[in-house]
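Structure record follows, encoded as structure tokens.
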Amino acid sequence: MYQQVNLDEMMADNAAGSHKQTLSSWTGNISEEEFADHEQVLQRLCDSFNASPFVQHIGMQMQVVHGQIQGYIEMRPELIGNTDFRILHGGGTAAFLDSIGGIVAMGEIYRRKEGLIEEQRKKAARLATLDMRIDYLSPGRGDYFIASAEAVRMGRKGCTVRMALHNNEGKMIAIGTAVYAY
């Protein structure tokens, strides 16, 4: 089980120069032995994302389902944008899709196995959203939401990912495309 990270300690460690320990934790803390099993790599990435303070704050959970990363979030009062109609806030939708896109891009970096594992960790740690477009297709109504994503192009310095968000009834709420630079 992944150990909970104390944010204050992590920031103090970074200030004291132990960036390497935090870097490996954020990028899945993947060992050489685990590197050979891509599903295990994906699980380690999910564990890392699930330990993130923001991800915990909004109640998002990443999990590996049939060899693919999937995101899950239950509707909560804190996520409602339109209180009259109990609709998921567009910013919450965007954050959820950006998160699933980012973790899938990290997984793609590891799946490609280009270079040493340490080089891949560095790429994954540098990953940042360069551009993102979200199309809101339906009001965000539902008891819970599931996000999925797939890498559509991997370049030398970036990864393009398509994301989708469905509610518990299978209705598509939003789709997105993002470019993650590394």
Residue span ILE80 to LYS157: 0.36 nm per residue of separation minus Cα-Cα distance leaves a gain in nm of 24.1 nm
Measuring from its Cα centre, the stretch 136-182 shows a charge dipole (+1 at each Lys and Arg Cβ, -1 at each Asp and Glu Cβ) which, in debye to the nearest 20, is 320 debye
Expected sort for 55-62, 93-100, 110-117 on mean C-beta neighbours within 10 Å, highest first, is 93-100, 55-62, 110-117
Once GLN40 and GLN61 are pulled to full extension, the length gained, defined as 0.36 nm per residue separation minus their Cα-Cα distance, is 5.9 nm
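None of the figures in this text is laboratory data; all of them are computed from the coordinates on show. Computed from a predicted structure; not experimentally measured. Note that we place each Cβ from the backbone using ideal geometry, even for glycine, and neighbour counts take in every protein chain shown.
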